[in-house]
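Heads up: the structure comes next, in structure tokens.
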Amino acid sequence: MGLLETRTRELCAETLDPHLGGDSFDYVEECGARIPGMIIGALMGVPTEDQNDIRIWIDDMMRWDPDGTDPRKAESFTNIENYIQALVTDRRKQPRARTPVGEPPRLSTASDGIHRRRRMLRRRRR
């Protein structure tokens, strides 16, 4: 959790420091809407330079569209799906020791995770 706090503080500083001593700004747009998505991206192992794209796609997907006709929603869903699939494929080919917030990436399938947990439990019983 300490590493997550450190990354969160870094993102807040990067986002808010440019506004020090300046005019007013939209906190929700500049900080509140960006930080959660970027932290989630960091937890997933999304490179820092791609985290804002993920955030924009998520925002487009969540945008109110009473008629269900906004093409950005479907396009953003496809973009996220393709991005995550490519990220998983890349990580399986080239595993990395740590994500930006210091935790090992967890990109295995659910069944792999279950088998791994069972092996850990068996070792603890011995």
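Figures for the structure shown
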| quantity | calculated |
| --- | --- |
| Residue exposure sequence - Met62, Met44 - by fewest surrounding Cβ within 10 Å | Met62, Met44 |
| Local electrostatic count at Thr15 - Lys and Arg +1, Asp and Glu -1, tallied over other residues with Cβ under 13 Å | -2 |
| FRET efficiency estimate (nearest 0.05) - Cβ-Cβ, Arg9 to Asp90, R0 35 angstrom | 0.80 |
| Listed peptides 33-43, 70-80, 10-20 by packing density, highest first (mean Cβ within 10 Å) | 33-43, 70-80, 10-20 |
| Estimated inter-spin distance, Asp26 and Asp53, nm [label 7 Å along Cα→Cβ] | 2.4 nm |
| Neighbourhood charge, 14 Å Cβ-Cβ cut-off, centred on Thr78 and excluding it, Lys, Arg +1 and Asp, Glu -1 | -3 |
| Projected label distance in nm at Asp67 and Asn82, using a 7 Å step from Cα toward the beta-carbon | 2.6 nm |
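Coordinate-derived values only; no laboratory data. Computed from a predicted structure; not experimentally measured. Cβ sites come from the backbone with ideal geometry, for glycine too, and all protein chains shown count toward neighbours.
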